[in-house]
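Notes for the one structure printed next.
We did not get these values from a lab; they are worked out from the coordinates using the rules stated. This structure is a prediction, so every number in the text was calculated from the model and none was measured. Heads up, the Cβs are rebuilt from the backbone with ideal geometry, glycines too, and the neighbour counts pull from every protein chain shown.
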Amino acid sequence: MFYTVKEVAKELQISLSMVYALIAKGELICHEFGSCKRVCEQDLLDFLSANRKETPRPPRAKGRHF
């Protein structure tokens, strides 16, 4: 399955220019068919996995909380 740049932007809730910037920097892989750019579903999933950041949990308080 392939996504257009517009579909990727909508899926990630970012601007078209941001998607084009990610492609230009080589962070998001795309395939070019003439002047059309398409992003493979697996490449999008790989990009999401590579850019996943987990928020660290605050340390648990010792003792009782009332």
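Observations on the model:
- Radius of gyration, Dmax [segment 22-66; alpha carbons; angstrom]: 19.8, 65
- Radius, Kirkwood style, for segment 2-50 when every pair of distinct Cα atoms is counted (Å): 10.6
- Loop-located trypsin sites (Lys or Arg not before Pro) in segment 11-66, at most 15 other Cβ atoms within 10 Å (DSSP): 25, 52, 53, 60, 62, 64
- Set of lysines with alpha-carbon distance to residue 10 below 16 Å, sequence-local pairs under 8 removed: 37
- Charge sum, other residues only, whose C-beta stays under 15 Å from residue 27's C-beta, Lys/Arg counted +1 and Asp/Glu -1: +2
- Local net charge near residue 1, Cβ-Cβ under 11 Å (Lys/Arg +1, Asp/Glu -1): -2
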